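*Asks:* Take this structure, written in structure tokens, and hold onto it; I'll ask about it next.
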Amino acid sequence: MSYQNRFRLEGERAVVTGGGRAIGLCCAEALAEAGASVVVIERSEQDAHEALALRSKGYEIELHVGDVTDSARMEAIASELAAAGRPATILVNNAGIGQNGISAEDVTDADWLRMMNVNVNGVFWCSRAFGRHMVTSRRGSIVNLGSMSGIICNRPQPQTAYNVSKAAVHHLTRSLAAEWAHHGVRVNAVAPTYIETPMVGAVEANKERIPIWLADTPMGRMGTPDEVASAVLFLASGAASLMTGAIVNVDAGFTCW
């Protein structure tokens, strides 16, 4: 096998949660460009508009509407694909939410539970639903979207709930990797730095925070969604065949300091 061919994904079916925008959209495009048939899970068809537009490039993109916090819906999508003889062989757990600027003593029960429900429960529900079929077929690759916030504590903004949720994603990644390795299923994660996305740009307070973030970053810049998607593509592909349980920093060197 040539080294280039290790990155090719013909014959693979990749599920991308939250694949309609930002990092998820770039992941969907990267996997499709590599030859995979891509299944995007979004909460509505409107949210998946840009992903579905990738069909104009000749990519095979299908949409299943669902919320990752609905475990029954995730099970149903996974079973539907498998029953049609098209089980997922790649899963990118991208869907997630962020919230910062709230001191720990002011975080409400609702804030905390919502963060854990989407960022942790959602990742597990999807991993369990699609991973079950990967275990049965003895092949598969799962890539989770963690964060450098699961490794360090960000400044100057307080964001305990988010940090804890991403640390949980990292250990969930390692735990599933260890448990499913003998079934031929690899589980890895990427841990991005601050990424230029609408979610980051929409927060007014970030205008004052960004210079501080960049001062803490050896490369002196934020990342872009396509840079994260490139790492996801690598981990999803055969090029990373010896990797499982890895948390790959895509952080411009942030965690070096």
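FYI, it's all coordinate maths here, none of it is from the lab. Everything numeric here is computed off the predicted structure, so don't read it as measured data. Don't worry about glycine lacking a Cβ; one is built from the backbone with ideal geometry, like all the others, and counts go over all protein chains shown.
*Asks:* What's the total number of residues in the stretch 63-95 that are charged (D, E, K, R) and surrounded by fewer than 16 Cβ atoms within 10 Å (Cβ to Cβ)?
*Replies:* Of the residues in the stretch 63-95, 3 are charged (D, E, K, R) and surrounded by fewer than 16 Cβ atoms within 10 Å (Cβ to Cβ).
*Asks:* Run Asn206 past the list (1) under 19 Å from the mean Cα position of the chain (by Cα); (2) free of Cβ contacts under 8 Å to residues at least 12 places away in the same chain and report the number of the one that doesn't hold.
*Replies:* Status for Asn206: all satisfied but (1).
*Asks:* Within the stretch 186-234, take every residue that is out of contact with any Leu (no Cβ under 9 Å at 6 or more places or on another chain) and basic (Lys, Arg) and give me the one that is surrounded by the most Cβ atoms within 10 Å (Cβ to Cβ).
*Replies:* Arg209
*Asks:* Being without any contact (Cβ under 8 Å) to a residue 40 or more places away in the chain and basic (Lys, Arg), is that true of even one residue in the stretch 73-82?
*Replies:* Scanning the stretch 73-82 turns up at least one residue that is without any contact (Cβ under 8 Å) to a residue 40 or more places away in the chain and basic (Lys, Arg).
*Asks:* Next up: Here are the criteria: (1) farther than 18 Å from Val143 by Cα; (2) surrounded by fewer than 17 Cβ atoms within 10 Å (Cβ to Cβ); (3) not hydroxyl-bearing (Ser, Thr, Tyr). Tell me which single one Gly35 does not satisfy.
*Replies:* Unmet condition: (1).
*Asks:* Then there is this: Scan the stretch 35-44 and tell me whether some residue there is small (Gly, Ala, Ser), out of contact with any Pro (no Cβ under 6 Å at 6 or more places or on another chain), touching a residue at least 24 places away in the same chain (Cβ under 8 Å) and assigned to a loop (DSSP other than H, G, I, E, B).
*Replies:* yes
*Asks:* Please work out which residue is farthest from Ala246 (Cα to Cα), limiting yourself to the stretch 168-195 and to residues that are in contact (Cβ under 8 Å) with a residue 24 or more places away in the chain and over 16 Å from the mean Cα position of the chain (by Cα).
*Replies:* Selected residue: His183.
*Asks:* Residue under question is Met148, and the condition is that it be crowded, with 18+ Cβ neighbours inside 10 Å, in contact with an Asp or Glu (Cβ under 7 Å, 6 or more places away or on another chain), of a type outside the set (Asp, Glu) and closer than 21 Å to Trp112 by Cα; does it hold?
*Replies:* yes
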